[in-house]
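This report concerns only the one structure given below.
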Amino acid sequence: MSGLARPLAVAAVVALALTGCSTTSPVDAIQIDRAQGTEENISSLTDVIRRNPNDPEGYNVRGAAYGRSGQFRRALDDFNRAIQLRPSFYQAYANRALIHRSMGSAAEAANDYNRALQINPRYDVAYIGRGNIYRQAGRMDEAMNDFNRAINLETTDPRAYHNRGLIKQLRGQHAQAIEDFSTSISLAPNSPEPYNGRGISYVALNDDDNAFTDFNRAIELNQRIAESWANQALIYERRGDKARAKRSYARAAQLDPKYRPAIDGLARVR
């Protein structure tokens, strides 16, 4: 790609794309799936609870279904009940933490992750969840420690590698970030986020071919993520193909009208 136009300095391009990578589609946010909250599904879980009203597992399962369907208040009620019935239920603490985080209560989420780890210091899910709270709060050293701890526990959760890759990326350690994103992809090959992350580090290393492949794969996996389209547009822009860049930036802006990289990109290629 050395002969193709690069209208932006690499540092500016990477900074632009990193902004999107670290703010869209958090890898441990609840993915809302309204099907999880269908009357039939919730009704069947409620029947289980009626038959076993003192079993905390039933409340934990229904709480997770409520959470995935976006019914956060009901999810909290179920996790509270599960914890009341079993105070050592560390998985329920971690599930409740995710609900708190999705509702914007990061401090309460961190407290729940701390409690889960007090009960089970080897619970990788809680390290990953707490680490992402630290990362988004800018407490990168603490976040890195938590992701490293989960990985040292031999976690198979792709979020640990993805989130650690984001920190390495921000620190300019792009070769190491690519390794982490690649591991995340191997654990969750149908998730678009690590493809976007790895693509950004390829951009930083001026490897536009691999970056373009990754951004295109992210789009194939989910065509409704603004970041993926803006990243694809970035490569078109670096190649001097303003027409295609404009179309991709426009698609990103259509998906998320407030997505700054798409808005700024459109302004540049018009």
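Across segment 208-216, a minimum of one residue is classified as more than 26 Å from residue 100 (Cβ to Cβ) and touching a residue at least 60 places away in the same chain (Cβ under 8 Å). The helices (runs of 4 or more DSSP H) found wholly in segment 192-255 and carrying at least 1 residues that are of a type in the set (Val, Ile, Thr) and under 22 Å from residue 182 (Cβ atoms) occupy 192-204, 208-221, 226-238. Only residues that are of a type in the set (Lys, Arg) and touching an Asp or Glu at 6+ places or on another chain (Cβ under 7 Å) were counted in segment 68-104, giving 2.
When you check residue 218 against the structure, is it farther than 18 Å from residue 192 by Cα, out of contact with any strand residue (DSSP E or B) (no Cβ under 9 Å at 6 or more places or on another chain) and not charged (D, E, K, R), yes or no? Taking the combined requirement at face value, the residue does not satisfy it.
What residue, of 146, 124, 157, is in contact with a Lys or Arg (Cβ under 6 Å, 6 or more places away or on another chain) and touching a residue at least 12 places away in the same chain (Cβ under 8 Å)?
On the way: 124 fails: in contact with a Lys or Arg (Cβ under 6 Å, 6 or more places away or on another chain); 157 fails: in contact with a Lys or Arg (Cβ under 6 Å, 6 or more places away or on another chain).
Going through 146, 124, 157 in turn, the sole match is 146.
Tallying residues that are more than 20 Å from residue 112 (Cβ to Cβ) and touching a Phe, Trp or Tyr at 6+ places or on another chain (Cβ under 8 Å) within segment 46-82 yields 1.
Taking only segment 237-251 into account, find how many residues are touching a Phe, Trp or Tyr at 6+ places or on another chain (Cβ under 7 Å), under 10 Å from residue 269 (Cβ atoms) and buried (at least 18 other Cβ atoms within 10 Å of the Cβ). Let's see the steps before the verdict.
Start the filter on segment 237-251 by keeping residues that are touching a Phe, Trp or Tyr at 6+ places or on another chain (Cβ under 7 Å), which leaves 244-245, 248, 251.
From the residues that got through so far, the ones that are under 10 Å from residue 269 (Cβ atoms) too are 244-245, 248.
With buried (at least 18 other Cβ atoms within 10 Å of the Cβ) added as a condition, the list becomes 245, 248.
Residues that pass the stated criteria total 2.
Pairs meeting the criteria (first residue in segment 246-270 and within 18 Å of residue 222 (Cβ to Cβ), second residue among the aromatic types (Phe, Trp, Tyr) and outside any helix (DSSP H, G or I), beta carbons under 7 Å, at least 6 apart or on different chains) are 252/259; 253/259. For segment 66-78, filtering for residues that are more than 13 Å from residue 49 (Cβ to Cβ) and either without any contact (Cβ under 8 Å) to a residue 24 or more places away in the chain or in a helix (DSSP H, G or I) (or both) leaves 6.
Taking the residues in segment 79-108 that are of a type in the set (S, T, N, Q) and assigned to a helix (DSSP H, G or I) as candidates, determine which candidate is farthest from residue 41 (Cα to Cα).
Among them, the one singled out is 84.
Provide a single number: the residues in segment 161-183 that are in contact (Cβ under 8 Å) with a residue 40 or more places away in the chain and either crowded, with 22+ Cβ neighbours inside 10 Å or outside any helix (DSSP H, G or I) (or both). Please lay out each step first, then the result.
So the first thing to find is which residues in segment 161-183 are in contact (Cβ under 8 Å) with a residue 40 or more places away in the chain, and the list is 162-163, 166, 169-170.
If we keep only those that are either crowded, with 22+ Cβ neighbours inside 10 Å or outside any helix (DSSP H, G or I) (or both) as well, we get 162-163, 166, 169.
Looking only at that region, the number is 4.
Would you mention how many residues in segment 103-121 are under 22 Å from the mean Cα position of the chain (by Cα) and surrounded by fewer than 18 Cβ atoms within 10 Å (Cβ to Cβ)? Residues meeting the conditions: 8. Could we say that residue 270 is modelled with pLDDT under 95, surrounded by fewer than 18 Cβ atoms within 10 Å (Cβ to Cβ), in contact with a helix residue (DSSP H, G or I) (Cβ under 8 Å, 6 or more places away or on another chain) and of a type outside the set (S, T, N, Q) here? Taking the combined requirement at face value, the residue satisfies it.
The values are calculated or read from the model by the stated rules, or taken from the named source; none is laboratory data. Model, not experiment: these values are computed from the prediction. As a convention, Cβ positions derive from the backbone with ideal geometry for all residues, glycine included, and neighbour counts pool all protein chains shown.
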